[in-house]
Amino acid sequence: MKATPPQRRRGPRVAVLALVLCSLLVPLAILFDHASSSGDDVTTDERRRQVVLPSIDRVVRRDPVIRLPVGGGVRQDAPKKISNGSSGVLPQPKQIDRRPSPSSTKPKVLPVPRTEPPKAVMEPNRQEVANDRKRRDRGAKADEVENAKACQLEFGSYCLWSTEHKVMMKDSIVKKLKDQLFVARSYYPSIAKLEGQEALSQEMKQNIQDHERILSASAVDADLPSFINKRILEMEHTIARAKSCTVDCHNVDKKLLQILDMTEDEAHFHMKQSAFLYNLGAQTLPKTHHCFSMRLTLEYFKSSSLNSDVSSAHKFNTPNHKHYVILSKNVLAASVVINSTVINSKDPGNNVFHILTDAQNFYGMKYWFARNSYKKSALHVINYEETILEKLPKHSMREMYLPEEFRVLIRDTEQLTEKARMEYLSLFSHSHFFIPEIFKDLKKVIVLDDDVVIQRDLSFLWNLNMGDKVNGAVQFCGVRLGQVRNLLGKTKYDPKSCAWMSGVNVINLEKWRKHKVTENYLQLLKQVKRTDEASLRAAAFPLSLLSFRHLIYPLDVNLTLSGLGYDYGIEQEVAWSYASLHYNGNMKPWLELGIPDYRKYWRRYLTREDQFMDECNVNP
């Protein structure tokens, strides 16, 4: 009997076929649905760069350059400039076109109001763009002023000097290399994390290293390598490929901010270094001047028979002559003060100059003024330290101090926007308070700082009737005693009294002794906490102001023009109109840091054709 074959079951076949068909149809349905909604939804990358607030009228687009607060908006009446350099505005809310594309069947955003015709919108926008550009320019200038004030507060006149000597980058190729390097560094971390972009990541890393090597070499060698254009093109191609990749713009922006912060920190570090070197150069005697002083000292001991004080010694203690007192450690600076005073004096033979200096410069000063004549004016060089030891043996401060200068930042808080300006206030040092003890036979002297240039005859100062006042000085009402009350202690004073300036001061020694100014100064000095020399010198500010409270006779403001050691904005006509010029500040005229436009007033009275000056290369 023949066996019948088994019947095949068709059920499983149909089920498998149905599953395969469903697996094909479902993805197609999803793709069609996604395509139909693409006109209404933004892509994932676009959604990262756009912040939509609950109100449809407030939309902010993330911009690579313009950084806006998170969650903030832009008002419709405040259009912003596009960062790519072209003129334009950010889209106004009513101009944003969110109408669905023809392929859309399911709109997912709210309808927008009807857009006005383009001509009606473009005309007012041009005016808004122009107004916005002006506002931005004013804002940039305001930011620049604020940055300058902050710099002056921290670094003083260095900021003024660095601004005047700022070197702009003229090499466009180097600038382009740096720009490319910043952009590549900002994209590299994001590219390195992408799968399948290992080759691009390695290429970008290599280009970054090449750019760094080229820039490092350019700091030493001004000639760039011949293949520089090839490197620039390769970097441009790499950056373009990186921008075409889908990356998180927030990470790129964050990296750019990190690079910006690092660059600002590095710039501030270099600024601190440069400011330190600037102050060191301002406080250090130039090598040529040091050579000159040492040569004079050596020649003095070689010519021990040289003595010029004998012929005019009878004038030194005669009150009938016009006595000038100068405290200086700089031979040429003291020489310019004396030379300028004598040349502009109507009666130079009646002038007596007393130069107080320290032991180190005493012999050089003595030799210089012995071999140079100043129109029959008497010159008396005094060793301050030896004189104090002789006349005040119990006094502990025997070191000679030059006039002290204090940088003062003056804030005007009465205005709606706080304003500030920087000034240098020069005052008497501790050594000035012993002038009456050194010149006990004199009744009146004029004290000159060694950074002063005299341009007129000063005879009229000797005819002043100062009444019961002691110190004739130019007042500086930019600072009043009430503004520095935290430095003056509990001593009584008039808070509305103005500060005063040293430079050219008429001192009535008789009234000084009558009011016991030196004794009062020593009493105030005992109340000052002195830990080191710096604190002692800083104490000169309150002590000078308090010692002469109610004893200042205000001189004509046109007597002395101050600020030639830090202020770049003084016109030539203004400088010539004053009787004297004061180079208060760090930029003294004998330093390389000195302001070039003001050096001519000082060099005009500088002695020329001197053997030692030529040997030490003092003459510029």
Formal net charge of residues neighbouring residue 389 (Cβ-Cβ distance under 13 Å; K, R +1; D, E -1): -3
Of all accessible heavy-atom area on the range 485-567, the percent that carbon and sulfur account for (1.4 Å): 50 percent
Over 32 Å between alpha carbons, listed pairs 346/588; 166/255; 376/444; 376/516; 366/600; 287/375: 376/516
Cβ-based net charge around residue 299, under 13 Å, with every Lys or Arg adding one and every Asp or Glu removing one: +2
Links that overshoot a 18 Å alpha carbon limit, given the list 469/514; 329/469; 391/529; 329/529: 329/469; 391/529; 329/529
Of the chymotrypsin sites (Phe, Trp or Tyr not before Pro) in the range 192-287, those whose Cβ has at most 13 other Cβ within 10 Å and which sit in DSSP loop: 227
Positive minus negative residues near residue 607 (Lys, Arg vs Asp, Glu; Cβ under 12 Å): +1
Largest-first ordering by accessible area, 1.4 Å probe, given options 379, 487: 487, 379
Difference of contour (0.36 nm per residue) and Cα-Cα distance, residue 228 to residue 262: 9.6 nm
Added length on full extension, which subtracts the Cα-Cα distance from 0.36 nm per residue, residue 173 to residue 533: 124.5 nm
Per residue solvent-accessible surface (Å²) - the range 172-283, probe of 1.4 Å: 63 Å²
Vicinal HN-Hα couplings computed from phi for the range 346-358 (Karplus, 6.51 cos²θ - 1.76 cosθ + 1.60; Hz; Gly/Pro x): 7, 9, x, x, 8, 8, 10, 10, 10, 9, 8, 9, 8
Of all DSSP beta bridges in the range 298-616, antiparallel share, percent nearest 5: 50 percent
Hydrodynamic radius of the range 172-283 per Kirkwood, over alpha carbon pairs, in Å: 15.8 Å
Peptide ranges 331-337, 317-323 listed from the most packed, as the mean C-beta count within 10 angstrom indicates: 331-337, 317-323
Relative contact order for the range 172-283, counting Cα pairs under 8 Å that sit 6 or more residues apart, in percent: 36 percent
Under Karplus coefficients 6.51, -1.76 and 1.60, residue-wise ³J(HN,Hα) of the range 375-382 in Hz, glycine/proline x: 6, 6, 6, 7, 10, 10, 8, 10
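The values are calculated or read from the model by the stated rules, or taken from the named source; none is laboratory data. The structure displayed is predicted, hence computed values, not measured ones. Here Cβ is always computed from backbone atoms with ideal geometry, including for glycine, and neighbour counts include all displayed protein chains. These accessible areas exclude ligands, DNA and RNA; they are computed on the full protein's heavy atoms, side chains included. Shrake-Rupley method; radii C 1.70, N 1.55, O 1.52, S 1.80 Å.
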